[in-house]
Amino acid sequence: MKLLVCIIDNVYADEVEIQLKKQGYRMTELASSGGFWRKGNTTFLFGVDEVDVTQLQEALKKACLDFEKRKRRASKQAHRYTSFLLDVKDAAPFLGLHT
């Protein structure tokens, strides 16, 4: 099991949430701001089986690109989101869980 932490620009957050829920992904959403990208962000936490990681990453990318296409909006930044992939066993201290 893996934990994908995805910090995404607020512009894309609703589209990511809608599309990925339709695909059956479960997520926890945290509103976030501060110094990471110096603007409003949303942080998603996804629990996913290791074999499904690539599929999830492609779904995230597709949701962002679909939003841009629908809104006729080209991204002005190099990144739409930043993600970190952690083994669940490594994520327990990060999340404050003790086994």
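No lab work stands behind these numbers, since they all come straight from the coordinates. Small disclaimer: the values here were computed from a predicted structure and weren't measured. Ideal geometry is used to build each Cβ from the backbone, glycine not excepted, and the neighbour counts take in all protein chains shown.
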With a sphere of radius 13 Å drawn around the Cβ of Ala63, what net charge do the other residues whose Cβ falls strictly inside it have (Lys, Arg +1; Asp, Glu -1)? +1
Highest first, please rank the peptides 50-63, 2-15, 19-32 by the mean number of other Cβ atoms sitting within 10 Å of their residues. 2-15, 50-63, 19-32
